[in-house]
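Values quoted throughout were computed directly from the atomic coordinates according to the rules given, and no laboratory measurement underlies them. Since we're looking at a predicted model, the values are computed, not measured. For neighbour counting, all protein chains shown are included, and Cβ atoms are generated from backbone atoms with ideal geometry for every residue, glycine included.
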Amino acid sequence: MNESDLPEGFDKRLTPARPDIAAAHLRGKVNALHFVDRRSERIVAGVADMRGEPSPGASLSTQALRGECVQVYEIEEGWAWCQLEADGYVGYVPAAALASSSAPPTHRVRELSTFLYPGPSMKLPVAAVLPLNSRLAITAIEGNFARVEDEGFVWASHIEPLDHAEDDFVAVAERFVGVPYLWGGKTAHGIDCSGLVQTALDAAGISVPRDTDMQEAAIGTRVASGDALAGEPGGWNVSLQRGDLVFWNGHVGIMRDPHTLLHANGHHMLVASEPLATAVARIAANSFGAVTSIRRL
């Protein structure tokens, strides 16, 4: 089933439907040979790459982090076709990255990344690398370490309760400066523009969609159109502030201050900070074109 085969109003990225199989709750809304009930599982790998096809060579769509809840519709040849509960994204993740879990997460990782150890010692071999915003079920604090169910230990000061939110999402994003650009990435090992926005806002307790077009339609209030940034910076018809989101067709950046843009981008192939005027001029000359809107939380 191609996106064009879906009824109007359904987004392929967010709709668990193929020509052969679809989610049971879509019966009567989409066409499929079979309709199946979902099964809830959680990501138990540090990071699970979600791809558009069940192949390690397929393009990376997004990444699911440790502790995320996933609705599974099919497991075939080592791949789970599933939907992420947090942002609704649909795709394929390695089945080995999933497991049932009776214990709901209680904490999240607050650092860019931390290690899961098999015991309460930093000298032990690392069992997994856990990115920022990984969700963990903590059952006990033992000295400097926190026990993660029966699976290992993390450094206790690297986690915080789920109900704690960062005060400044821009400060979270700033910690990613220098991280390599990775299409579909959401970690300090690689991240893309909308992934940076989603990850930083998640740390601040704000859930937003995954992709740039979805974010532009959903986040905050539109304070200016792209026309506001036409011409020279001194003549721009908008006063920007820290935390404003600047959108292009397929790109997004975060304002650090009224003049400086922070964004994961393919020009630097990094999360980089630069004058907004520089970015606007350069991006206008490539396929992203002019700014489409500016939104404020």
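Expressed in nm to one decimal, what extension gain is obtained for the pair Asp167 and Ser113 from 0.36 nm per residue of sequence separation less their Cα-Cα distance?
17.5 nm
Quick check: convex hull of the Cα atoms in region 95-217, volume per residue, rounded to a whole Å³?
134
Remind me, relative contact order of region 3-99 in percent, using alpha carbon pairs under 8 angstrom and six or more residues apart?
26
What does the charge dipole of region 57-124 about its Cα centre add up to, to the nearest 20 debye, if the Cβ of each Lys and Arg holds +1 and the Cβ of each Asp and Glu holds -1?
For region 57-124, the charge dipole is close to 460 debye.
If you split all Cα-Cα distances of region 3-99 into 10 Å bins from zero, what percentages do you get per bin, shortest first?
17, 52, 27, 3
Magnitude of the Cβ-charge dipole of the chain, K/R +1 and D/E -1, about the Cα centre, nearest 20 debye?
The dipole of the chain has a size of about 160 debye.
Given a Förster distance of 25 Å, report the FRET efficiency between Ala290 and Arg175 from their Cβ-Cβ distance, rounded to the nearest 0.05.
Working: r = 30 Å, r/R0 = 1.19.
Efficiency for this residue pair is about 0.25.
For Glu151 paired with Ser239, estimate the spin-label separation in nm (one decimal), with each label point 7 Å from Cα along the Cα-to-Cβ line.
Label-label distance for Glu151 and Ser239, simple model: 4.8 nm.
Explain nothing, just compute: Karplus ³J(HN,Hα) = 6.51 cos²θ - 1.76 cosθ + 1.60, θ = phi - 60°, for every residue of region 119-129 in order, whole Hz, x for Gly and Pro.
x, x, 8, 6, 8, 7, x, 6, 8, 6, 9
Indicate the gyration tensor shape class of the chain (rounded, prolate or oblate), computed on the Cα atoms with a ≥ b ≥ c the square roots of the eigenvalues: a/c under 1.5 is rounded; otherwise a/b larger than b/c is prolate and the rest oblate.
Oblate shape, in that a/c is at least 1.5 and b/c is the bigger or equal ratio.
In whole angstrom, note down how far apart the Cα centers of region 241-271 and region 102-166 are.
31
Using alpha-carbon pairs under 8 Å, 6+ residues apart, how would you state the relative contact order of the chain in percent?
12
Dipole of the chain (Lys/Arg Cβ +1, Asp/Glu Cβ -1, origin at the Cα centre): which of Thr278, Tyr89, Gln198 lies farthest to the positive side?
Thr278
For a quick protection proxy, order the peptides 208-220, 59-71 by their average other-Cβ count within 10 Å, most packed first.
With the highest mean Cβ count within 10 Å placed first, the list reads 59-71, 208-220.
Is the C-alpha gyration tensor of region 161-297 telling us rounded, prolate or oblate? Criteria: a/c under 1.5 is rounded; beyond that, a/b larger than b/c is prolate, otherwise oblate.
prolate
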